[in-house]
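Novice: Next up is a structure, given as structure tokens.
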Amino acid sequence: MYNSKPHQEHDLTRLHQHMLDTRLAVLVSQGEQGLLATHLPVLVDTAEGDFGTVYAHLARANRQWQDLQHGGEALLVFPGADAYVSPGFYPSKAENPKVVPTWNYLAVHAYGPAEVIHEAEPLLAIVSRLTDRHEQGRSEPWKVTDAPADYIEGMLRAIVGIRLPIARLQGARKLSQNRSGHDIDGVREGLSASPDQRDNQLAAHMRQL
């Protein structure tokens, strides 16, 4: 992705945390069927490989897995907080009106060769780990084993697993770092005062600069 130098994020711990915090990623691939994308929940194992490994599953009816099975690089997009930045947030505008709107955002892109999994046992492991992750914290967490075994076997036949060992990571952390300290403060204050919770979320990230 295009990412200017002031906004590049290279800290692996921060990149991994962003990925772990993202509930729904976008899997993008290019193959014989053209450019395909699927929104899907993922499991990020940060301890597996140099940059981590991502696990997920696709419906068998989703033809994207066929392209992935032929090899080639796939992309996983992990979107984050974002917000419109008004020129009115900049105190410097009073002295220099040559300013325009922009957009602040966080995002991580993970690239790697996707592997397709058909076997029932590793598929069950992926589904179980994903379920346990999203059920944690509930007073009565549901487990895959709560459903009848023959039903789960049938559901597993309707999906394929994806394993993507990450070969490279790109992180974008565009939080007005190219502006002066006063303008950064102005953007943070403007977004904090917004009635939109998404703006407030972005402002919270700016407090960590």
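Novice: Using only helices, what value at 222 nm comes out for the chain when you add -39,500 (n - 2.57) per DSSP H run of length 4 or more and divide by the total residues, to the nearest 500 deg cm²/dmol?
Specialist: My calculation for the chain gives -9000 deg cm²/dmol from helical runs alone.
Novice: Here is a further query. For every other residue with a beta carbon closer than 12 angstrom to the beta carbon of VAL187, add +1 if it is Lys or Arg and -1 if Asp or Glu, then tell me the sum.
Specialist: +1
Novice: Another question, if that's okay. Give me the net charge for the shell around GLN177: Cβ to Cβ below 11 angstrom, other residues only, Lys and Arg +1, Asp and Glu -1.
Specialist: For residues surrounding GLN177, the net value is +2.
Novice: Which of THR145, PHE51, ALA94 sits closest to the plus end of the dipole of the chain, meaning its Cα is farthest towards the positive end, when Lys and Arg get +1 and Asp and Glu get -1 on the C-beta?
Specialist: Most positive-ward Cα: ALA94.
Novice: Moving on. Skip the ligands, DNA and RNA, and give the accessible area per residue of the range 4-117 with a 1.4 Å probe, whole Å².
Specialist: For the range 4-117, the per-residue accessible area is 53 Å².
Novice: Kirkwood Rh, Cα Rg: Rg to Rh for the range 57-205?
Specialist: Taking Rg over the Kirkwood Rh, I get 1.17.
Novice: Here's a follow-up. With θ set to phi - 60°, apply the Karplus curve 6.51 cos²θ - 1.76 cosθ + 1.60 along the range 5-11 and write out the HN-Hα couplings as whole Hz, x wherever there is a Gly or Pro.
Specialist: 4, x, 10, 7, 10, 10, 5
Novice: Can you list residues whose amide H is under 5 Å from ARG60's amide H, if they're 5+ apart or on another chain and H is modeled 1.01 Å from N?
Specialist: For ARG60, the qualifying residues are ILE159, VAL160.
Novice: Continuing with the same structure: If you keep only loop residues by DSSP, which GluC sites (Glu not before Pro) in the range 22-104 have at most 12 other Cβ atoms within 10 Å of their Cβ?
Specialist: GLU32, GLU95
Novice: Okay, moving on. Of all accessible surface on the chain at a 1.4 Å probe, what whole percent is carbon and sulfur?
Specialist: 53 percent
Novice: Expressed as a whole number of Å, what is the distance separating the alpha-carbon centroids of the range 77-116 and the range 34-55?
Specialist: One Cα centre to the other: 23 Å.
Novice: Hey, with R₀ at 41 Å, roughly what FRET efficiency would THR38 and LYS98 work out to, going by the Cβ-Cβ distance, to 0.05?
Specialist: So the FRET efficiency works out to roughly 0.45.
Novice: First select every other residue whose beta carbon is under 15 angstrom from the beta carbon of ASN200; then total the charges, Lys and Arg +1, Asp and Glu -1.
Specialist: -1
Novice: Over the chain, what is the relative contact order in whole percent, taking alpha-carbon pairs under 8 Å and six or more residues apart?
Specialist: Rounded, it is 27 percent for the chain.
Novice: Starting at the first residue of the range 171-180, write each ³J(HN,Hα) from the Karplus equation 6.51 cos²θ - 1.76 cosθ + 1.60 with θ = phi - 60°, in whole Hz, x for Gly and Pro.
Specialist: Each residue's phi maps through the Karplus curve to give x, 10, 10, 8, 10, 6, 5, 7, 9, 5 Hz.
The values are calculated or read from the model by the stated rules, or taken from the named source; none is laboratory data. Bear in mind that the values here come from a model prediction, so they are computed numbers and not experimental data. Here Cβ is always computed from backbone atoms with ideal geometry, including for glycine, and neighbour counts include all displayed protein chains. In case anyone asks, the SASA skips ligands and DNA or RNA and just uses the protein heavy atoms, side chains included. Shrake-Rupley method; radii C 1.70, N 1.55, O 1.52, S 1.80 Å.
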